[in-house]
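Heads up: the structure comes next, in structure tokens.
No value in this document is a laboratory result; all are computed from the given coordinates. What you see is a predicted model; the values in this text were computed from it and never measured. Positions of Cβ are generated from backbone atoms using ideal geometry, with glycine treated the same way; all protein chains shown enter the neighbour counts.
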Amino acid sequence: MEAKLQVQNDEIASVMKHIKYKIVVLSGKGGVGKSTVAANLALAFTQKFPGKVGIADLDFSGPNIPKILGIDGKRVEPVSETSFLPVEGPKGLKVVSMAFFLESKSTPVVWRGPLKIKALRQFLTDFIWGNLEVLIFDMPPGTGDEAISIMQMIPDMSGVVIVTTPQEVSLLDTGKSLVMSRKMDRPVLGIIENMSSFICPNCQSVHHIFGQGGGIKMATEFNTELIGQIPLDPSIREKEDTGLSEHFEYFTPIIEKLLEKLN
């Protein structure tokens, strides 16, 4: 068994060595907009590295990245019985998701842990990413078997981005993800506070619907940096429902900060 796992790990390392920056987007809680943040980060990186950015949707129970990017309904292209090409998304983004293998949008993935872990390994070995500058991993929520296994599988991980909202309940759960990352010796690149505020389109007044200052408080408590605050912007929701085709101004300064840390 150990020998088999070593062979699989070697296969993953062989694929991943062609990717310069491997960034995990993680949260300890569902519903914080992790996939939205991951998709927008990936699109923002395409402005820096055209044709050299990928995103791996590893949330098998909720594979929403294709819908967010407007490429749901597409299928992967097989190269052989055991290898596939990622689907091309907007801006030349390379995309892999369980959604490309499902019969319909409503088909659930009803798998126990061991089967999911096996599929995750295949996702990391069977797709031909080529030479990439950045690969974003959209993780399943929580700190369970799937998250732990993925963190262990990815060699030379560049770092983890934690997504939270200002709400106390969210901070409590996402803080656990941050602690898990550090216990596994994975560098935390920073925190992104999603849904940080709402700006009224009529009067321009700012409303902190989910609380205020949570991201800064969390960054201070865990000795890391708040690298971005994303407001509740109706245009993000509108573009996400119809398929993102461009990144938003909120994410450009975030990727600049990430590149400073990575370099």
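At-a-glance table
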| item | result |
| --- | --- |
| Residues Leu259 and Met184, FRET efficiency given R0 of 22 Å [Cβ-Cβ distance, rounded to 0.05] | 0.40 |
| Kirkwood Rh and Cα Rg combined as Rg/Rh, the chain | 0.95 |
| Rg ratio (alpha-carbon, reference 2.2 N^0.38 Å) - the range 143-196 | 1.15 |
| Cα centre as origin, Lys/Arg/Asp/Glu Cβ charges: the chain dipole, Debye | 260 |
| Sorted by Cβ neighbour density within 10 Å, fewest at the top, the residues Met184, Met16 | Met184, Met16 |
| Burial ordering of Ser61, Ser27, Ser177, fewest other beta-carbon atoms within 10 Å first | Ser61, Ser177, Ser27 |
| Lys94 long-range amide H proximity, modeled H, under 5 Å | Val53, Gly54, Ile55, Gly89 |
| Segment Arg112-His208, length gained on full extension (0.36 nm per residue, minus Cα span) | 30.7 nm |
| Most mobile of Leu132, Leu120, Leu102 in a GNM of the chain (Cα contacts under 10 Å) | Leu102 |
| Calculated diffusion of the range 1-119, Stokes-Einstein form, Kirkwood radius summed over Cα pairs, 20 °C and 1.002 mPa s, µm²/s | 136 |
| Karplus-derived HN-Hα couplings along the range 115-129 (A = 6.51, B = -1.76, C = 1.60, θ = phi - 60°), whole Hz, x at Gly and Pro | 5, 5, 5, 4, 5, 4, 4, 5, 4, 8, 10, 8, 9, 8, 7 |
| Relative exposure of Leu85, Leu189, Leu232, judged by other C-beta atoms within 10 Å (fewest first) | Leu85, Leu232, Leu189 |
| Positive-pole candidate from Leu26, Ser149, Phe222, dipole of the chain, charges at beta carbon | Ser149 |
| Listed residues Gly30, Gly144, Gly175, most fluctuating in the chain (Gaussian network, C-alpha, under 10 Å) | Gly144 |
| Cut-off 13 Å (backbone N to label point 7 Å along Cα→Cβ of His18), residues of the range 119-148 | 125-133 |
| Theoretical gain in end-to-end length, Ile128 to Arg75 [0.36 nm per residue, Cα-Cα removed] | 17.6 nm |
| Using alpha carbons only: equivalent-ellipsoid semi-axes of the range 34-74, gyration tensor based, whole Å | 19, 11, 9 |
